[in-house]
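See structure below.
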Amino acid sequence: MKSFNITLLGGDGTGPDVVAEGVKVLNAVGQKYGVDFVYEEELIGGAAYEQYKTPLPDVTVSAAKSSDAVFLGAVGDWKYDTLPPEVRPERALLGIRKALNLFANLRPAKVFEELVSSSPLKPELVSGVDIMIIRELTGDVYFGQPKGVEVRDGIRTGFNNMIYTEDEVRRIAHVAFKTAMKRSKKLCSVDKANVLDVSRLWREIVIEVSKEYPEVELSHMYVDNAAMQLIRAPKQFDTIVTGNIFGDILSDEASMLPGSLGLLPSASLSDSALGMYEPIHGSAPDLKGKNTVNPIATILSAAMMLKYSFGMDQAACDVESAVKSVLKSGYRTPDIYVDGMQKVGTTQMGDLIAKEVIA
Ligand code: IPM
Ligand code: MG
């Protein structure tokens, strides 16, 4: 029997709740395809800090490194807001991305026809939207040195460094062009080259790499304009590639096209098959244990794991179809609820989708 090792990092708040639903769906896939998923649970974020006084203990990193895929919920809780920056839960997320060299973050924003009415935007605007945002994940102002807060001439001064090397841009550009080749061969690179030197290099390298992919139609857009265009006419986009911070912001914005942050999955990939899969949403600690959060983003992240780390493309399609069919039957978690539908909780949504996978 084929078997895959998965490190489960539930994290904080509702993270463990949604990961549990993802596991249900993976187990249904395992049953259907005769594959054995072996899980090892480790701590990350505030949960790890409680036990180890660090949000990213070595045991967690080594478990992740020796597994076939990492399945993560979310990190962070307001109760850790006063901790020093080096031990805050968010630091663990950046740390594990770096430790596993997960430089390519794929964030699809696809509007399910069944949910067009859940979007705050006009149906004709969002119907048919299918965008893949590719966010560089291990560079930029997130990791650039020097950084800090210090007193300069008696004035408190905070600074970070937005920095990219040509190699970092080149490798994410290759991922982007390869992804675009498998989609509709349209790639938009988002930068701020009218102001930032680092963006001018970004653009130069993306253009260089484009020579190797003559079939892909490449365009460039400034990030402020892209933020506006994503709402004005989202269907103009297919694949978007951008740096770490622009991608962070634009992907949250893009989640409002399908209508809820609870719907968007992500895959963080390296050069190897090892990837990390997590919903793009946060830990929503106020909702912990209330059985109300939407597990679909996490379940769709499991589908990405099947596809990108395990090569189980058909199983990934099954999970997506199961999500669609459950939505079609009218089941909704509170975040996507509209009148006339049937309201369900986190665990029921997971059960319904898992059952549909096997059906
Ligand atoms: C995300 C999150 C993280 C980020 C935070 C929690 C560190 O917003 O994955 O988009 O900024 O990358
Ligand atoms: Mg974010």
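The values are calculated or read from the model by the stated rules, or taken from the named source; none is laboratory data. Keep in mind that this is a model prediction, so the values were computed, not measured. Because the Cβ atoms are built from the backbone with ideal geometry, glycine has one as well, and the counts that use them run over all protein chains shown.
Need a quick list: helices (runs of 4 or more DSSP H) entirely within the range 87-198 having at least 1 residues that are crowded, with 19+ Cβ neighbours inside 10 Å and touching an Asp or Glu at 6+ places or on another chain (Cβ under 7 Å).
Numbers: elements: 89-99, 123-126, 166-182.
Result: 89-99, 166-182.
In the range 111-134, which residues are of a type outside the set (A, V, I, L, M) and closer than 17 Å to ASP335 by Cα?
PHE112, GLU113, GLU114, SER117, SER118, SER119, PRO120
From VAL59, VAL38, grab the single residue that is free of Cβ contacts under 8 Å to residues at least 40 places away in the same chain and in a strand (DSSP E or B).
Values: VAL59 fails: in a strand (DSSP E or B).
After ruling out the rest, the residue left standing is VAL38.
Which residues, taken from the range 322-342, are touching a Phe, Trp or Tyr at 6+ places or on another chain (Cβ under 8 Å) and within 12 Å of PHE112 (Cβ to Cβ)? Give the derivation first.
Going through the range 322-342, the residues touching a Phe, Trp or Tyr at 6+ places or on another chain (Cβ under 8 Å) turn out to be 323-324, 327, 341-342.
Answer for the range 322-342, where residues must be touching a Phe, Trp or Tyr at 6+ places or on another chain (Cβ under 8 Å) and within 12 Å of PHE112 (Cβ to Cβ): VAL323, LYS324, LEU327.
Name every residue in the range 68-86 that is part of a loop (DSSP other than H, G, I, E, B) and of a type in the set (Asp, Glu), in order of residue number.
Hits for the range 68-86 are ASP68, ASP77, ASP81.
Specify which of the listed residues (LYS2, LYS32) is touching a helix residue (DSSP H, G or I) at 6+ places or on another chain (Cβ under 6 Å), loosely packed, with under 15 Cβ neighbours inside 10 Å and among the basic types (Lys, Arg).
It is LYS32.
Would you point out which residue out of ALA92, ALA99 is among the small types (Gly, Ala, Ser), away from ligand 2 (no atom under 16 Å from the Cβ), more than 30 Å from TYR337 (Cα to Cα) and modelled with pLDDT of 95 or more?
Being among the small types (Gly, Ala, Ser), away from ligand 2 (no atom under 16 Å from the Cβ), more than 30 Å from TYR337 (Cα to Cα) and modelled with pLDDT of 95 or more holds for just one of ALA92, ALA99, which is ALA99.
In this structure, is SER283 in contact with a Gly (Cβ under 9 Å, 6 or more places away or on another chain), crowded, with 21+ Cβ neighbours inside 10 Å and either modelled with pLDDT under 95 or farther than 21 Å from GLU136 by Cβ (or both)? Let's see the steps before the verdict.
Working: in contact with a Gly (Cβ under 9 Å, 6 or more places away or on another chain): yes; crowded, with 21+ Cβ neighbours inside 10 Å: yes; either modelled with pLDDT under 95 or farther than 21 Å from GLU136 by Cβ (or both): yes.
Criteria met by SER283.
For the range 268-275, does any single residue satisfy the condition of being within 16 Å of ligand 2 (Cβ to nearest atom), touching a Gly at 6+ places or on another chain (Cβ under 7 Å) and hydrophobic (A, V, I, L, M, F, W, C)? Don't jump to the end; show me each part of the working.
We begin by selecting, within the range 268-275, every residue within 16 Å of ligand 2 (Cβ to nearest atom); these are 268.
Right, trim to touching a Gly at 6+ places or on another chain (Cβ under 7 Å) and you get 268.
Now restrict to residues that are hydrophobic (A, V, I, L, M, F, W, C): none.
Taking every residue of the range 268-275 in turn, none turns out to be within 16 Å of ligand 2 (Cβ to nearest atom), touching a Gly at 6+ places or on another chain (Cβ under 7 Å) and hydrophobic (A, V, I, L, M, F, W, C).
I need the full set of residues from the range 204-249 which are of a type in the set (D, E, K, R), over 20 Å from GLY144 (Cα atoms) and either within 16 Å of ligand 2 (Cβ to nearest atom) or within 19 Å of the chain's Cα centre (by Cα) (or both), in order please.
Residue satisfying the conditions is ASP238 alone.
What are the residues in the range 53-81 that are over 23 Å from ASN101 (Cβ atoms) and surrounded by fewer than 18 Cβ atoms within 10 Å (Cβ to Cβ), if any?
Passing the criteria: LYS53, TRP78, LYS79, ASP81.
Condition first: aliphatic (A, V, I, L, M) and either farther than 20 Å from VAL293 by Cα or more than 13 Å from ligand 1 (Cβ to nearest atom) (or both). Now tell me which residues in the range 74-108 satisfy that.
Once the filter is applied, which keeps residues that are aliphatic (A, V, I, L, M) and either farther than 20 Å from VAL293 by Cα or more than 13 Å from ligand 1 (Cβ to nearest atom) (or both), the range 74-108 yields LEU83, VAL87, ALA92, LEU93, LEU94, ILE96, ALA99, LEU100, LEU102, ALA104, LEU106.
What is the number of the single condition among (1) in contact (Cβ under 8 Å) with a residue 60 or more places away in the chain; (2) within 15 Å of ligand 1 (Cβ to nearest atom) that GLY22 does not meet?
Condition (2) is where GLY22 drops out.
Looking only at the range 208-245, filter to residues that are hydrophobic (A, V, I, L, M, F, W, C) and in contact with an Asp or Glu (Cβ under 7 Å, 6 or more places away or on another chain); which one of those is surrounded by the most Cβ atoms within 10 Å (Cβ to Cβ)?
Only one residue tops the list, namely LEU230.
What's the total number of residues in the range 250-261 that are within 9 Å of ligand 2 (Cβ to nearest atom) and touching a strand residue (DSSP E or B) at 6+ places or on another chain (Cβ under 9 Å)?
Within the range 250-261, residues that are within 9 Å of ligand 2 (Cβ to nearest atom) and touching a strand residue (DSSP E or B) at 6+ places or on another chain (Cβ under 9 Å) number 1.
Those residues that are touching a residue at least 24 places away in the same chain (Cβ under 8 Å) and out of contact with any Lys or Arg (no Cβ under 7 Å at 6 or more places or on another chain), I need them from the range 121-137; list them, please.
LEU121, LEU125, VAL126, ILE131, ILE134, GLU136
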